[in-house]
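Read-outs throughout are calculated quantities, based only on the coordinates presented, and are distinct from any laboratory measurement. Please read these numbers as outputs of a predicted model, since none were measured by experiment. All Cβ positions, even for glycine, are placed from backbone atoms using ideal geometry, and neighbour counts span all protein chains on display.
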Amino acid sequence: MCGIVGYVGGRQAYPILIKGLTRLEYRGYDSAGVALIGDSGKLVIYKTKGKVKDLEAVTADKDISGSIGIAHTRWATHGEPSDINSHPHYSENHNLALIHNGIIENYLSLKTELTRKGYHFQSQTDTEVVIQLIQYMMDSRSVSLEEAVPLALNLVVGAYALVIMDKDQPDKLIAARKGSPLIIGVGEDEYFVGSDASPIIEYTHKVVYLGEEQIAYIKRGEDLRITDLRNEEHTARISELEMSLSEIEKGGFPHFMLKEIFEQPRTLKASMQGRLHPELGEVKLSGVIDNRERLLGAKRIIICACGTSWHAGLIGKYMIEEFTRKPVEVEYASEFRYRRPVIFPTDVVIAISQSGETADTLAAVKLAREAGAFLFGICNVVGSSIARATDTGCYTHIGPEIGVASTKAFTAQVTTLFLLALSLAEQLGTVTDERRAQLVNELQRIPEKIEKILQHDGEIADIAKIFTYTRNFLYLGRGYNYPVALEGALKLKEISYIHAEGYPAAEMKHGPIALIDEEMPVVVIAPKRGNYEKILSNIQEVKARKGRIISVVTEGDTDVKALSDWSFEIPDSEECFEPILSIIPLQLLAYHIAIAKGRNVDQPRNLAKSVTVE
Ligand code: M6R
């Protein structure tokens, strides 16, 4: 959840660290800090509650020289956002500094023990315990820092990505990871460290993904040395980054979220590329072809995910069941991992995660692995933990998603789930060739249909202003569009802080109907395929109670429109693709309401992009 940057080399570290923090700020943004070994040889830390720009204000009149440094942007877990709780943290003698992403679960017992031994803690964080423990190892066992790090980390329970600096070694960083991602960029006589590639990409495309429980000794002028917690040596495998700098910049849009909404026609094509073959009326997924027997033999499919990815998973269930007739269950990964679920070795577990780092989804994958299930990952971030922990899978290939509210990842996940469903159906023979060709051809047309919806951005922005002071919203949908109701409500609440709930439309009369009055806008997703008449009745029920209707309808609709106060049109499509279209106006509606309320849409309060803590 926090962002980590490190640098050691021949350049001034501070500008690289600050730029890197700005790029990582989407991961956490309640405080920021930097540690440098300046020209004077002193190890200095500057840190503050607030954003990276607040940190820059703090350092404006300070010595920021030095060609080695570490920096951090925080999403608070232990201890409120404050100057003291911000990272980096010093060790007792101020010789060492550390930044950390993750949670140290046994920090209280370690802190108690270290306090008893005379170590003094400044913050309420779990993090500070790690650097104190490392110093304690050096002090009590008279070992070097390099020896103390694995000794200390073997006593730590929890998750971490961390980087350490030592005043006495101004050309060396030590980095370690367990459960949280960490990437090392390899330049010419310089190294970079990042929670992801965004602070590194500008300088080098050569990276090493640090493995689980590995420690990297990063010394300027020397090759990277990697060991693990048992002190076994590992080869540093260099990978080539495929992303470009433009992918992590706003490209003329005021916010990443809006840019990412508008990118969807292109990102959808990227998700289909090389997989969709309209000329053959086929879908080819190497993950399916290479694991045919295991996937086709599955008695049951379980989808595990969180948040938006879970909503995509619900749509995936409808698709897989419709086209393959195999039973599919969709689980919140956080519930699945703790409720002793029944998992059979004949099950296939599909883990969906944009970041590929979500702690609960990763834990669900590990649990399913222990039970012998076959694991299929649908991730966006290449080389991420979930992508690596699964047997096979399919990347969504949409480039970095930086806005905290997931948009382009959702439509890409739904598209990828469709590709998976159809590819399985093809092998199982559960869909005729003719029907398959129809679906494949229609999917190919979806990007241009999204373009058409995006042209109505201005109208949606005008309508959004009407709801600046609205306190509650209800979202209703049926069938394939029920998960869209959930996703539309999630988008609105997370960036505007307006309370919003999504419901299957027919469930409204079992409770939520009590909320409806002239104050309550009800967003109804009512395109013409599937359950149209039924949802029309639900709209009548809302109207009868003076509710205000905002509908998403198919172009040319008259009946739902006649009952609606405002309507957004989407082009007609196959029922299974309606969610990819109907979510677009709802993403724009949420965005524009949040803007009208003056919210920070890319960094909404209390949220972080990558939820690497449970
Ligand atoms: O990276 P993941 O797809 O695993 O993330 C899952 C959720 O944390 C994420 O979708 C979250 O709900 C978003 N903020 C929704 O916009």
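By the beta-carbon count within 10 Å of each Cβ, the least crowded to most crowded order of VAL611, VAL129, VAL348, fewest first, is VAL611, VAL348, VAL129. Placing R0 at 41 angstrom, the Cβ-Cβ distance between ASP565 and LYS250 gives a FRET efficiency of 0.75 after rounding to 0.05. Around the amide H of ILE303, modelled in the peptide plane, lie the amide H atoms of GLU329, VAL330, GLU331, ILE350, all under 5 Å away and 5 or more residues distant in sequence or on another chain. Remark: region 142-154, residue by residue, has Karplus-estimated 3J(HN,Hα) of 6, 10, 6, 4, 4, 7, 5, 4, x, 4, 5, 5, 5 Hz, where x stands for each Gly or Pro and the curve is 6.51 cos²θ - 1.76 cosθ + 1.60 at θ = phi - 60°.
Treating r as the C-beta distance of ARG340 and SER40 and R0 as 51 Å, the FRET efficiency rounds to 0.35. Taking 16 Å as the straight-line reach from the Cα of LYS284, the lysines in range (excluding those fewer than 8 positions away in the same chain) are LYS269. Applying a DSSP loop filter and a limit of 11 other Cβ atoms within 10 Å to the GluC sites (Glu not before Pro) in region 412-459 leaves nothing.
Separation of region 553-570 from region 205-278 is 43 Å, based on Cα centroids. Straight-line cross-link partners of LYS19 among the aspartates and glutamates, defined as a Cα under 14 Å from its Cα and at least 8 positions apart when in the same chain: ASP54, GLU56, ASP196, GLU202, GLU249. Within a straight-line Cα-Cα reach of under 16 Å, LYS117 can be paired with the following aspartates and glutamates, leaving aside sequence neighbours fewer than 8 residues apart in one chain: GLU92, GLU128, ASP139. Using the alpha-carbon positions of region 456-614, Rg (one decimal) and Dmax (whole number) come out as 15.0, 48 Å.
In plain terms, the chain from ILE289 to HIS499 could stretch by 71.2 nm, reckoned as 0.36 nm per residue minus the Cα-Cα distance. Inter-part distance, region 395-472 to region 66-95, computed on C-alpha centroids, equals 41 Å.
Residue pairs exceeding 29 angstrom between C-alpha atoms, taken from LYS317/LYS493; LYS206/LYS408; LYS317/LYS546: LYS317/LYS546. Quick check: from the Cα gyration tensor, does region 3-247 come out rounded (a/c under 1.5), prolate or oblate? Rounded, since a/c falls under 1.5. Full extension of the chain between GLU575 and GLU188 gives 134.0 nm of extra length, using 0.36 nm per residue less the Cα-Cα distance.
Take the Cα of ASP139, step 7 Å toward its Cβ, do the same at ASP168, and the gap between the two points is 1.4 nm. Bin width 20 Å, alpha-carbon pairs only: give the P(r) of the chain as whole percents, running from 0 to the bin holding the largest distance. Result, from short to long distances: 20, 49, 27, 4, 0 percent. In loop segments of region 458-499 as defined by DSSP, the trypsin sites (Lys or Arg not before Pro) with at most 14 further C-beta atoms inside 10 Å of their C-beta are ARG471.
Among LEU108, ALA35, LEU153, whose Cα lies farthest out toward the positive end of the dipole of region 3-247, if unit charges sit on the beta carbon of Lys, Arg (+1) and Asp, Glu (-1)? Ranked along the dipole, the leading option is LEU108.
In this calculation the C-beta distance from ILE84 to GLU282 is compared with R0 = 56 Å, giving a FRET efficiency of 0.40. Dipole size of region 482-560 about its Cα centre, with +1 on Lys/Arg Cβ and -1 on Asp/Glu Cβ: approximately 80 debye, rounded to the nearest 20.
Phi angles of region 30-47 translate, via the Karplus equation with coefficients 6.51, -1.76, 1.60 and θ = phi - 60°, into HN-Hα couplings of 9, 7, 8, x, 9, 10, 9, 9, x, 4, 6, x, 7, 8, 10, 10, 10, 7 Hz per residue; Gly and Pro are given as x.
For the chain, a simple Cβ point-charge model (Lys and Arg +1, Asp and Glu -1, everything else neutral) yields a dipole of about 820 debye relative to the Cα centre.
Relative contact order, whole percent, for region 226-338 stands at 15, derived from Cα pairs under 8 Å and 6 or more residues apart.
For region 393-406, the Karplus equation 6.51 cos²θ - 1.76 cosθ + 1.60, evaluated at θ = phi - 60°, returns couplings of x, 8, 6, 7, 6, 9, x, x, 9, 9, x, 4, 6, 6 Hz by residue, with Gly and Pro reported as x. Decide, for region 251-452, between rounded, prolate and oblate: order the square roots of the alpha carbon gyration tensor eigenvalues as a ≥ b ≥ c, take rounded if a/c falls under 1.5, and otherwise choose prolate if a/b is larger than b/c, else oblate. It is oblate, given that a/c is not under 1.5 and a/b is not larger than b/c. Taking all Cα pairs closer than 8 Å and separated by 6 or more residues, the relative contact order of the chain comes to 12 percent. Structural descriptor for region 3-247: relative contact order 19 percent, calculated from alpha carbon pairs under 8 angstrom and at least 6 residues apart.
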